[in-house]
Amino acid sequence: MNLKKLIIEALTDQQLMYGDKLYQQVNYTVQEQPEPIIEEAVVTNNLFGLTNEREDKIVQTGNYSEDWQSATTVAELNESINGCQKCPLGKTRNKFVFGTGNPDADVMLVGEGPGADEDAQGEPFVGRAGKLLTDILAAINFKREDVFIANIVKCRPPGNRNPNPDEIKECIPFLKKQIELVKPKMILCLGLVAANSLLGKKLSLTKMRGNFFVMDGVKVLVTYHPAALLRNPNWKRGCWEDVQLFRKYYDENVVSNNG
Ligand code: URA
């Protein structure tokens, strides 16, 4: 095994995930924080003795049924898991981000997890990275509403950190059930975390790109996460090659079988 090659791949993946800033010197300045002002009225009106902000965070809506595996439609599945509290992300989320799109789609897209915009709106890929994703889809003649878009984890990891292995372990059965119900023919996996989590691998993005994996009969292609493309536009060319390959396979194998 070529150690130098492995190190280069690992560093490329770190750069993919965190951008060039990882390699730049960061100058931190510590800003003086004003003393918090505690309003008497807020505390006395609050049954739990918590500040308003904390109270907002623990008020969650939605349902959770242990019987979610028996859901027979995507909508039913959403109804039975959108109040999930199986991992700590349930406490800090604003909205559960189930996924959106065509419940009978031939194509599914899988991202990592909601960011701030998605957490606020309850929909995947609606922020800057989401707009880029919509453009990428349009460039290969897919409309957002024709595909189904979901994430590995359904609740936002605070501060946009990567979801941790325990959170992924709790949440990924929901994604597997979504795949079972949507029955896509092809999946485009966005970024290293999504790819390794979905495929159950520990490979570099460099190793995974360019070849289709087969997961329960579904063809899975891995490409860059759109947020990584925003940080590193040089990777757009590679992504373009990936999505063209994806579209070609779709035209040659999915469209012709549907028609
Ligand atoms: N990044 C993701 O991986 N998923 C989203 O829904 C938004 C940003």
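Quick one: Asp20 ticks every box in (1) open to solvent by 80 Å² or more (accessible area, probe 1.4 Å); (2) farther than 28 Å from Phe174 by Cα; (3) modelled with pLDDT of 50 or more; (4) not hydroxyl-bearing (Ser, Thr, Tyr) except a single one, so which number is it?
(1)
Looking only at segment 93-118, count every residue that is open to solvent by 20 Å² or more (accessible area, probe 1.4 Å) and either away from the ligand (no atom under 16 Å from the Cβ) or modelled with pLDDT under 95 (or both) and tell me the total.
4
Just need a number here: residues in segment 48-64 that are open to solvent by less than 60 Å² (accessible area, probe 1.4 Å) and either at pLDDT 95 or above or touching an Asp or Glu at 6+ places or on another chain (Cβ under 6 Å) (or both).
0
Give all pairs with beta carbons closer than 8 Å in which a residue from segment 151-168 that is touching a residue at least 12 places away in the same chain (Cβ under 8 Å) and assigned to a loop (DSSP other than H, G, I, E, B) meets a residue that is surrounded by fewer than 21 Cβ atoms within 10 Å (Cβ to Cβ) and small (Gly, Ala, Ser); count only pairs at least 6 apart in sequence or on separate chains.
Going by the 8 Å Cβ cut-off, the qualifying pairs are Cys155/Gly90; Arg156/Ala116.
Run down Lys207, Lys201, Lys176 and say which single residue is of a type in the set (D, E, K, R), in a helix (DSSP H, G or I) and farther than 29 Å from Asn94 by Cβ. Steps first, please.
Values: Lys201 fails: in a helix (DSSP H, G or I); Lys176 fails: farther than 29 Å from Asn94 by Cβ.
On inspection, the qualifying residue turns out to be Lys207.
Between residues in segment 212-235 that are open to solvent by 50 Å² or more (accessible area, probe 1.4 Å) and residues that are small (Gly, Ala, Ser), which pairs lie under 7 Å by C-beta distance while being six or more apart or on different chains?
Sorted first by the residue in segment 212-235, then by its partner, the pairs are Leu230/Ala129; Arg231/Gly19.
What's the number of the only condition in (1) assigned to a helix (DSSP H, G or I); (2) more than 9 Å from the ligand (Cβ to nearest atom) that Ala194 fails to meet?
Looking at each condition in turn, Ala194 falls short on (2).
Would you be able to tell me the number of residues in segment 137-150 that are within 13 Å of the ligand (Cβ to nearest atom) and either among the hydrophobic types (A, V, I, L, M, F, W, C) or without any contact (Cβ under 8 Å) to a residue 24 or more places away in the chain (or both)?
3
Considering only residues that are among the hydrophobic types (A, V, I, L, M, F, W, C) and assigned to a helix (DSSP H, G or I), look in segment 72-88 and name the one that is farthest from Asp104 (Cα to Cα). I'd like the intermediate steps shown before the answer.
Filtering segment 72-88 down to residues among the hydrophobic types (A, V, I, L, M, F, W, C) leaves 74-75, 77, 81, 84, 87.
Still in the running and assigned to a helix (DSSP H, G or I): 74-75, 77, 81.
Details: Val74: 9, Ala75: 12, Leu77: 14, Ile81: 20 Å.
Among residues in segment 72-88 that are among the hydrophobic types (A, V, I, L, M, F, W, C) and assigned to a helix (DSSP H, G or I), the one farthest from Asp104 (Cα to Cα) is Ile81.
What do you reckon, is Gly130 near the ligand (Cβ under 9 Å from one of its atoms) and of a type outside the set (Ser, Thr, Tyr)? Full working, then the answer.
Values: near the ligand (Cβ under 9 Å from one of its atoms): yes; of a type outside the set (Ser, Thr, Tyr): yes.
Yes; evaluated as a whole, the condition is true for this residue.
Which of the residues belonging to segment 119-150 are within 19 Å of Gly83 (Cα to Cα), open to solvent by 20 Å² or more (accessible area, probe 1.4 Å) and in a helix (DSSP H, G or I)?
Passing the criteria: Ala120, Gln121.
Restricting the search to segment 60-93, which residues are over 20 Å from the mean Cα position of the chain (by Cα), closer than 21 Å to Val182 by Cα and in contact (Cβ under 8 Å) with a residue 24 or more places away in the chain?
Matches in segment 60-93: Trp68, Gln69, Ala71, Thr72, Thr73.
The values are calculated or read from the model by the stated rules, or taken from the named source; none is laboratory data. All of these numbers come straight from a predicted model, not from anything done at the bench. In this analysis, Cβ positions are derived from the backbone assuming ideal geometry, glycine residues included, and neighbour counts consider all displayed protein chains. Surface areas here come from the heavy atoms of the whole protein model, side chains and all, with no ligands, DNA or RNA. Shrake-Rupley method; radii C 1.70, N 1.55, O 1.52, S 1.80 Å.
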